[in-house]
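Read the figures in this text as sums done on the coordinates, not as results from a lab. Model, not experiment: these values are computed from the prediction. A quick note on method: Cβ atoms are made from the backbone with ideal geometry, for glycine too, and the neighbour counts reach across all protein chains shown.
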């Protein structure tokens, strides 16, 4: 389930995300995750910059740390995967109406980017991933993943989504034994969501 609140982390400094990754790499981090999340929220003034209350700010940071831990634990297996796929969220398209020229396949189900807007995050991510040999699906939610993976033998998965969707997808990947890497949204919602392109580029 997505968060029941909206957030925008685009005003947060890149050093915050670097600190999340650094802290996540420490051993036994899961035992202190709540304490560390509160420390990060206070140090980087997350509540003040996002307008979220303390509990929601801590929930986001806890999930970001969890996502980073999973990436670290699965990175070696992922790098050894030959056939990889990228799942992108359809809500990060520049347009959510007829101006978006993506084609939709209900059988998959997935959108396929037709590169109509050069400054669209989905266009940029799709072009990069395909250049690197990935199959790309622009999906409406994590529930689509199991259907796609059932029909295709992918050895590695990269997912871009909000943290709750990433965690749901991660549980499915664990069940089918496929390693994954995750890129969390920096701005959520039903449209105009955002993710850090450089973070995706680094993972791909």
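Numbers for the structure displayed
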{"read-out": "Ellipticity estimate at 222 nm from DSSP helix runs (n ≥ 4, -39,500 (n - 2.57)) divided over the chain, nearest 500", "value": "-14000 deg cm²/dmol"}
{"read-out": "Residue among 106, 89, 179 with the largest mean-square fluctuation in a Gaussian network model of the chain, springs linking Cα atoms under 10 Å", "value": "106"}
{"read-out": "Using a Förster distance of 25 Å, the FRET efficiency for residue 202-residue 53 (Cβ separation, nearest 0.05)", "value": "0.20"}
{"read-out": "Relative exposure of 66, 4, judged by other C-beta atoms within 10 Å (fewest first)", "value": "4, 66"}
{"read-out": "Angle in degrees between helix 54-79 and the longest Cα principal axis of the chain, rounded to the nearest 10", "value": "60"}
{"read-out": "17 Å reach of a label modelled at residue 6, 7 Å along Cα-to-Cβ, counting backbone N of region 141-180", "value": "162-163"}
{"read-out": "Helix 121-131 axis, angle to the chain major axis (alpha carbon atoms, nearest 10°)", "value": "70"}
{"read-out": "Relative contact order of the chain, defined on C-alpha pairs under 8 angstrom at six or more residues apart (%)", "value": "25"}
{"read-out": "Between 0 and 90°, nearest 10: helix 14-24 axis offset from the chain longest Cα axis", "value": "80"}
{"read-out": "Inter-part distance where region 96-142 and region 38-89 are each reduced to a Cα centre, Å", "value": "23"}
{"read-out": "Residues 178, 138, 160, sorted so that the one with the fewest Cβ neighbours within 10 Å comes first", "value": "178, 138, 160"}
{"read-out": "Exposure proxy ranking, count of Cβ atoms within 10 Å, fewest first, for 174, 198, 165, 74", "value": "198, 174, 74, 165"}
